[in-house]
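Reading through the structure tokens given below for one structure.
Read-outs: derived from the displayed coordinates by stated rules, not from any lab. Here the structure is a predicted model, which means the values were calculated and not measured. Quick reminder, even Gly has a Cβ in these numbers, built from the backbone with ideal geometry, and neighbours come from all protein chains shown.
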Amino acid sequence: MLKKAGLACTVCGSRNYSLQLSRTAKEKRIEVKKFCSRCGKHTLHKETR
């Protein structure tokens with residue numbers, strides 16, 4: 001079974017991407033460098049719940 005998680009830009013805070021993750025316990029949240037349409041550049045995105 002999968003759970004939904006979103007990725008939010010660390011600069012402007014907009015939630016641009018969504019993911020489906022496994023329910024296994026993990027130590028820390030996902031951090032990925034992706035393109036933010038609001039900022040117009042590649043920024044770090046962190047997992048939100």
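Some values worked out for this structure:
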| read-out | value |
| --- | --- |
| Relative contact order computed over the chain (Cα-Cα under 8 Å; 6+ residues apart), in percent | 42 |
| Phi-based couplings in Hz for region 35-49 (Karplus 6.51, -1.76, 1.60; Gly and Pro marked x) | 7, 9, 6, 6, 7, x, 8, 7, 9, 6, 10, 10, 5, 10, 10 |
| Stokes-Einstein D (µm²/s) once Rh is taken as the Kirkwood radius of region 1-42 over alpha-carbon pairs, at 4 °C in 1.567 mPa s | 113 |
| Burial order of peptide ranges 24-35, 9-20 (average beta-carbon count within 10 Å, highest first) | 9-20, 24-35 |
